[in-house]
Every structure is written in C-alpha cells, then in structure tokens.
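What follows is a short report on a single structure.
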Amino acid sequence: TMTLRTPLDPIKTFTDDPLRALRCVRFMSKFPTATIDPSIIQAMSMPQVQEAYRAKVAPSRAGPELLKMFSGARPAEALRILYETGFDKAVLDPEKVPELKPLKDIRMDQQSKWHNFDILEHTLQTIGNLDKLLKQDNIGGDIRRNMLLAAWLHDFGKLDPSIQHPKPNDP
C-alpha cells in the first residue's frame, strides 16, 4: 500500500535514531503514492523524539535528507508534515543554526492587505505552485531542487523582528 511505517514502535525507533523520522518524510516526498502511518506523525510530534533529534543529529546529516526531500515528487507536502508535527523546530534548531535564533515563528501573520495567508501557508503554496510550473516545463534535477529550496527560504527575512514596524500611513 506504500504506507510508510516503522518495524518497531515509532517512538522507540525515532528516539534510537531520530534521523529516521526525517528520512520517513523524505521517502514520502520521493514516492508519489506513499502515505505515512499516523503513528509516525504522532511520534514526530512527541517532545522526546524532537529532543532526541536535537541531541543526536548534526545539521551535516540532516542537510542531505532535506536536499533529497526537495528533489522528491512532493516537497511541499513533506515540508507541511515537518511544520504540522513541530519537527521543524528540531530540524531548524536555533542552537545549531544561530542565525535562526532572533527570527519569529513562520506561522506569523504577514499583516498585509496583499497576503491572505500566514508566511508558512504562503511558502507552502509558493513551493507547490512553483513545483507544478517546473514539472510542466520539464525542469528537474539540481535546478528544480535549488529553486524549490529558494522558494522555501524566500520569506525568511520577514521573520526578522527588526523589519516589522508600523508604517505611519498604514499602521
């Protein structure tokens, strides 16, 4: 059925080797018909699994998994799972990536009449739409992956609190 699951209890599996959680999301992205067993989603949401990830997984091990996730058939869906489970906070741990420390949460309202979505939903929509266009034009490989990564990061600057201030003519 292309249902991704662990052979043992997912909490135990992911606590022992937390990178497996990220790999599971990557495999979901890679295989267009794959689904993730709900027990895995639940385990990824557990604080002890996220703490194990922070303690055991170096960014250098996570980077290749993220690159492969963005090279897969469904990067926006995979990224959505990371954010919906809260696993993004373990993967993008500000203690390991200090540049992220001052940033606000990506679920931040853009407070703009030109944006209907918070930054996360806007970003996921952007990745999904860009991916459709790239596939229509048969653009793949590293170019597709890099463009999708750029789409993911394109609004991170808005999360910097120093640029968020009311404007005199539009508070």
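The values are calculated or read from the model by the stated rules, or taken from the named source; none is laboratory data. Here the structure is a predicted model, which means the values were calculated and not measured. Cβ placement follows ideal geometry from the backbone for every residue including glycine, while neighbour counts extend to all protein chains displayed. Heads up: the accessible areas ignore ligands, DNA and RNA and are worked out on the full protein's heavy atoms, side chains in. Shrake-Rupley method; radii C 1.70, N 1.55, O 1.52, S 1.80 Å.
For the reader, a short list of remarks on this structure follows.
- Backbone N within the stretch 12-29 under 16 Å of label point (7 Å from residue 61 Cα along the Cβ vector): 12-26
- Annotation: residue 1 carries an accessible surface of approximately 150 Å², with a 1.4 Å probe and no ligand, DNA or RNA atoms counted.
- Most mobile listed residue (129, 146, 138) in the chain, GNM with C-alpha springs under 10 Å: 138
- 20 Å reach of a label modelled at residue 117, 7 Å along Cα-to-Cβ, counting backbone N of the stretch 131-171: 131-137, 144-160
- If you run the Gaussian network model on the chain, springs between alpha carbon atoms under 10 Å, then out of 67, 133, 103 the most flexible one is 133.
- Choice from 125, 42, 136 with maximal GNM fluctuation in the chain (Cα, 10 Å cutoff): 136
- Relative contact order of the chain, defined on C-alpha pairs under 8 angstrom at six or more residues apart (%): 20
- Rounded to two decimals, the Cα radius of gyration of the chain over 2.2 N^0.38 Å is 1.09.
- Exceeding the 24 Å Cα-Cα cut-off - candidates 101/135; 68/113; 30/101; 113/158; 89/135; 30/89: 101/135; 68/113; 30/101; 89/135
- When +1 charges are put on Lys and Arg Cβ atoms and -1 charges on Asp and Glu Cβ atoms, the dipole computed for the chain relative to its Cα centre reaches about 380 debye.
- Modelled FRET efficiency - R0 22 Å, residue 97 with residue 16, Cβ distances, 0.05 increments: 0.35
- The length gained by stretching the chain between residue 156 and residue 35 to full extension, at 0.36 nm per residue less their Cα-Cα distance, is 40.7 nm.
- When the GluC sites (Glu not before Pro) in the stretch 58-153 are filtered for DSSP coil states and for at most 10 other beta-carbon atoms within 10 Å of their beta-carbon, the remaining sites are 95.
- Listed by chain and number, the aspartates and glutamates whose C-alpha is less than 16 Å from the C-alpha of residue 12, apart from same-chain residues fewer than 8 away, are 37, 51.
- Per-residue extension of 0.36 nm, minus the Cα-Cα distance of residue 110 and residue 143, leaves a gain of 9.0 nm for this segment.
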